[in-house]
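Below is one structure, written out as structure tokens; the observations come after it.
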Amino acid sequence: MKKLLLTLIFLSTLLFAQTAQTIIKKLEKNLRGTDVYSKIEMQIKTKRHSRSMLIESWGKGKKKNFTKILSPSRDRGITFLNLDKQMWQYIPKIERIVKIPPSMMLQSWMGTDFTNDDMVKQSSLVDDYKAKVLEKRGSIVTLELIPRRDVAVVWGKIVSKIDTKYYTQVEDIFYDDDGKKVRKMSYSKVKKFGSHFVTTIMVIVPFEKSKQGNKTTIKIVDAKFDQGIESSYFSKQALKRYSR
Amino acid sequence: MFSLALKNIIYYKGRSLTTFFLSLLSALLFVVYVAFMDGSHKSMLKNSLDIYTGSLQIMYKEYRENPSYDTILEGVKRVEKRLEGIAGIKAYSARLESYALLSTQEDSVGSMVTGINPQKESQISKLKEALHQGRYLEKSDTTAIYIGADLAQRLKVKIGDKVAFVGSSIDYSFSAENFEVVGVFKTGLFEFDASSAFVNKSYFDELMLSEDMASYIVVAVGDIEAVESIVSYIQTKMPQDIEVASWRVLMASMVQAMEVDSIFGYISLGLFFVVIFFVIMIYGFINISTRIKELGLLRALGLRSGDVTALLFLETALLALSSVLIGMVLGGYLAYYFELHPIIIEGMAETYKEYGIVSDAVPTRFDLWTICWNGAVVLVLNFLAIIYPIYYTRQFSPVEAMRHV
């Protein structure tokens with residue numbers, strides 16, 4: 001009887017773990033597709049400044065992403081390429097392609113509450129974290145994501161609420177290695193683009209005392225999935241070529 | 001009593017000389033050791049202050065804890081106007097510091113790029129004096145960059161080469177420019193030389209959209225000893241949201257590190273003193289043990305126990321005072337001499353550059369008060385060392401003492 005109970009507990013834990021991994025995989029599949037093009041509006045608010053940006057992004061798989069800034073005019077034409085966790089940028093004013101060194105990876109990306117590191121590692125939840133179901137309430141599942149042992153990641157833990165009806169995120173809370181909350185990302189307004197559901201509004205609020213009053217709002221204006229994005233977008237030549 | 005004590009010192013010359021030289025050596029070593037320790041600390045601190053930090057800085061109140069574009073100083077001209085005419089201020093200048101990427105075809109390095117007023121800066125810091133190659137920045141410079149020697153080496157650039165600057169403007173939009181290396185500086189502060197570059201602030205402000213803004217205003221004062229009173233006075237002249245911080249606050253971590261270093265220095269010296277203490281005590285004990293018969297006789301002749309104790313204390317006092325005084329004079333002379341003519345250890349700055357050593361010179365610090373308290377410690381040690389031997393002699397009655405073998 002005791003053995004049977006233990007086996008049942010073990011099996012249910014295993015099933016729960018499998019469910020968590022499956023949810024994450026389905027979430028990433030929904031968000032990413034084979035490839036995805038998106039047009040994004042960003043509003044960045046800090047204590048003294050606020051500004052908005054319009055960017056275009058092309059992504060393929062987990063490791064390839066190309067981003068181009070459309071506005072403001074001062075930043076127009078600046079392009080970014082993320083390849084295999086490395087990042088390059090092209091600045092038309094000085095006509096230079098610059099690789100972001102590791103020492104700059106934790107710097108803010110374009111003044112947002114994202115870091116350069118976030119931009120590079122944004123899509124490695126499945127590979128870098130072990131997921132566990134914490135709570136199920138209707139279609140909303142709360143997952144705890146703990147970094148895998150052999151992976152170097154910034155976060156100590158991520159607690160993510162996922163709507164399994166659409167396989168979209170509802171809320172992510174990021175913790176540091178000491179278990180202290182660092183930032184919260186809230187998602188809203190689910191919209192269907194082709195066969196994919198996308199939360200079109202994302203708000204990032206940092207908890208750090210030094211960043212109190214900061215807020216980054218991201219609005220997905222357009223998204224196109226599985227259109228067959230040319231591989232030419234994901235080379236260093238593209239940085240200059242698609243800058244115009 | 002005095003002449004008797006003197007006679008005893010001369011009569012027991014072996015013990016007296018040993019105690020005298022041990023005490024002299026202790027005083028001399030203590031004074032010289034502390035002079036070198038304080039001297040090297042003072043020198044490191046002074047180098048850091050003179051090279052870049054300055055005597056005091058004026059900034060937005062949250063900047064020190066959270067240096068960002070949201071906490072930089074706005075209305076610099078207004079603040080500078082309030083500094084005009086304040087007694088004790090030698091010069092002041094605004095700086096705009098920005099952590100940015102400097103990039104060449106060879107490499108990209110995250111660096112601290114700072115906009116400075118070249119003329120005013122030369123009155124405050126040693127940036128101009130630290131020129132290693134090329135030239136210092138000029139008032140009319142635009143895309144000219146003055147770069148640290150180790151940073152230049154990392155980027156593999158020389159005079160005339162282009163360096164791309166990629167950073168964020170004050171409003172967090174992109175700022176980028178191709179700068180030409182016009183000069184290379186070498187202060188000797190390794191971290192500083194490996195990560196700092198300077199440009200003309202008037203042009204930098206156009207690039208960074210930072211007109212009339214600064215990370216802070218650096219101020220040089222005429223008398224560094226008067227810095228705290230000047231800080232207090234400037235603070236009264238400034239609005240509530242402005243902080244005025246002296247070098248003690250700005251360099252708190254360095255000051256603390258030096259205090260910790262001093263504590264370890266005193267601990268190691270303390271161990272030496274423990275040995276000295278026991279040697280003096282043992283010598284004193286042996287000497288007094290051999291004199292118990294004599295001391296008993298003195299008691300039998302009518303001297304009270306207190307008189308004998310006073311005699312022994314007087315002997316110690318004469319020996320200790322003379323030896324400590326000579327030790328202090330000799331140590332003081334050495335401290336004074338090496339303050340004026342520091343010892344030069346070739347290659348030391350290169351070997352210990354990571355620790356902020358910028359010079360091969362090892363100066364001492366001559367400070368009369370320090371020498372006095374150092375001497376006082378050795379003096380007290382001498383008196384403490386004689387307590388037990390005296391206590392031992394007091395155990396004997398005059399008759400017992402006279403029969404003592």
(message) Quick test of your reading of the structure: A:GLY61 fulfils all but one of (1) touching a residue at least 60 places away in the same chain (Cβ under 8 Å); (2) more than 14 Å from chain B (Cβ to nearest Cβ); (3) out of contact with any Gly (no Cβ under 8 Å at 6 or more places or on another chain). Name the failing condition by number.
(response) (1)
(message) For region A:96-111, give me the residue count where each residue is more than 8 Å from chain B (Cβ to nearest Cβ) and within 23 Å of A:THR217 (Cβ to Cβ).
(response) 2
(message) Out of B:ARG15, B:ARG82, B:ARG64, I need the residue that is in a loop (DSSP other than H, G, I, E, B) and at negative phi. Which one?
(response) B:ARG64
(request) Working carefully through the options B:LEU301, B:LEU297, find the one that is hydrophobic (A, V, I, L, M, F, W, C), assigned by TED's automatic domain parsing to the domain that holds B:ILE390, surrounded by fewer than 18 Cβ atoms within 10 Å (Cβ to Cβ) and touching a helix residue (DSSP H, G or I) at 6+ places or on another chain (Cβ under 8 Å). (result) B:LEU297
(message) So in region A:208-227, with the set limited to residues that are assigned to a loop (DSSP other than H, G, I, E, B) and within 14 Å of chain B (Cβ to nearest Cβ), which one is surrounded by the most Cβ atoms within 10 Å (Cβ to Cβ)?
(response) A:ASN214
(message) Condition first: of a type in the set (S, T, N, Q) and closer than 27 Å to A:ILE100 by Cβ. Now tell me which residues in region A:118-172 satisfy that.
(response) A:GLN122, A:SER123, A:SER124, A:SER160, A:GLN169
(message) So B:GLU121 ticks every box in (1) out of contact with any Ser or Thr (no Cβ under 6 Å at 6 or more places or on another chain); (2) not in a loop (DSSP other than H, G, I, E, B) but one. Which box is left unticked?
(response) (1)
(request) Considering (1) more than 14 Å from every other protein chain (Cβ to nearest Cβ); (2) at pLDDT 95 or above, say which one B:ILE145 fails and leave the rest. (result) (1)
(message) If a residue counts only when it is farther than 17 Å from B:SER122 by Cα, which strands (runs of 3 or more DSSP E) contained entirely in region B:162-225 have at least 2 such residues?
(response) B:162-168, B:174-185
(message) Condition check: under 27 Å from A:SER52 (Cβ atoms) and surrounded by 16 or more Cβ atoms within 10 Å (Cβ to Cβ). Does A:LYS240 satisfy that?
(response) no
(request) Take B:SER196 and decide whether it is hydroxyl-bearing (Ser, Thr, Tyr), in contact with a strand residue (DSSP E or B) (Cβ under 7 Å, 6 or more places away or on another chain) and closer than 23 Å to B:SER140 by Cα. (result) yes
(message) Considering only region B:115-132, I want to know if a residue exists there that is more than 25 Å from B:GLY222 (Cα to Cα) and either among the acidic types (Asp, Glu) or modelled with pLDDT under 95 (or both).
(response) yes
(message) Can you list residue pairs whose Cβ atoms sit under 6 Å apart, with the first residue in region B:172-192 being within 14 Å of another protein chain (Cβ to nearest Cβ) and the second being buried (at least 21 other Cβ atoms within 10 Å of the Cβ) and part of a loop (DSSP other than H, G, I, E, B)? Count only pairs 6 or more apart in sequence or on different chains.
(response) B:TYR172/A:GLY111; B:PHE174/A:ILE78
(request) Could you tell me whether any residue of region B:41-51 is within 14 Å of chain A (Cβ to nearest Cβ) and either modelled with pLDDT under 90 or in contact with a helix residue (DSSP H, G or I) (Cβ under 9 Å, 6 or more places away or on another chain) (or both)? (result) no
(request) Report, ordered by the first and then the second residue, all pairs with beta carbons closer than 6 Å, sequence separation of six or more or different chains, a first member in region B:54-79 that is within 14 Å of chain A (Cβ to nearest Cβ), and a second member that is of a type in the set (Val, Ile, Thr). (result) B:TYR60/B:THR71; B:GLU62/B:THR71; B:TYR63/B:THR71; B:TYR69/B:ILE170; B:ASP70/A:THR46
(message) Just checking, does region B:319-331 include any residue being under 16 Å from B:GLN395 (Cβ atoms) and over 31 Å from the mean Cα position of the chain (by Cα)?
(response) no
(message) Which residue is surrounded by the most Cβ atoms within 10 Å (Cβ to Cβ), if the candidates are limited to region B:180-200 and must be closer than 24 Å to B:PRO67 by Cα and either touching a Ser or Thr at 6+ places or on another chain (Cβ under 8 Å) or not assigned by TED's automatic domain parsing to the domain that holds B:GLU97 (or both)?
(response) B:VAL199
(message) Can you report the number of residues in region A:67-95 which are away from chain B (no Cβ under 14 Å) and more than 14 Å from the chain's Cα centre (by Cα)?
(response) 3
(request) Could you figure out which of (1) at pLDDT below 95; (2) at positive phi; (3) more than 12 Å from chain A (Cβ to nearest Cβ) isn't true of B:VAL221? (result) (2)
(request) Please go through region A:64-94 and pick out each residue that is without any contact (Cβ under 8 Å) to a residue 60 or more places away in the chain, of a type outside the set (A, V, I, L, M, F, W, C) and touching a Lys or Arg at 6+ places or on another chain (Cβ under 8 Å). (result) A:PRO72, A:ASN82, A:ASP84, A:LYS85, A:GLN86
(request) Only one of these is assigned by TED's automatic domain parsing to the domain that holds B:ASP171 and not basic (Lys, Arg): B:TYR283, B:TYR266, B:TYR203. Name it. (result) B:TYR203
(request) Pull up region B:225-282, narrow it to residues that are closer than 30 Å to B:TYR388 by Cβ, hydrophobic (A, V, I, L, M, F, W, C) and within 21 Å of the chain's Cα centre (by Cα), then point me to the one that is surrounded by the most Cβ atoms within 10 Å (Cβ to Cβ). (result) B:LEU269
(message) Can you tell me which of (1) touching a residue at least 60 places away in the same chain (Cβ under 8 Å); (2) under 18 Å from B:GLY14 (Cβ atoms) is the one B:GLU243 doesn't meet?
(response) (2)
(request) Kindly provide the set of residues from region B:96-116 that are closer than 17 Å to B:ASP70 by Cα and over 30 Å from the mean Cα position of the chain (by Cα), ordered by number. (result) B:ALA100
(message) Here is a check on your reading of the model: is B:GLU138 more than 26 Å from B:VAL76 (Cα to Cα) and in the same structural domain as B:ILE89 (by TED's automatic domain parsing)?
(response) no
(message) Tally up the residues in region B:155-171 that are of a type outside the set (S, T, N, Q) and either surrounded by 19 or more Cβ atoms within 10 Å (Cβ to Cβ) or at the interface with chain A (Cβ under 10 Å from one of its Cβ atoms) (or both), please.
(response) 10
(request) Of the conditions (1) farther than 30 Å from A:LYS26 by Cβ; (2) part of a strand (DSSP E or B); (3) touching an Asp or Glu at 6+ places or on another chain (Cβ under 8 Å), A:ILE94 clears all except one; give me its number. (result) (2)
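Please tell me if B:LEU45 is touching a residue at least 12 places away in the same chain (Cβ under 8 Å), within 18 Å of B:VAL231 (Cβ to Cβ), in the same structural domain as B:VAL378 (by TED's automatic domain parsing) and not in a strand (DSSP E or B).
In short, yes.
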(request) Report yes if A:MET53 is in contact with a strand residue (DSSP E or B) (Cβ under 8 Å, 6 or more places away or on another chain), more than 15 Å from A:ALA238 (Cβ to Cβ) and surrounded by 18 or more Cβ atoms within 10 Å (Cβ to Cβ), otherwise no. (result) yes
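The values are calculated or read from the model by the stated rules, or taken from the named source; none is laboratory data. On a predicted model such as this, the values are computed, not experimentally measured, just so you know. Cβ coordinates were reconstructed from backbone atoms using ideal geometry, including for glycine residues, and neighbour counts include every protein chain displayed.
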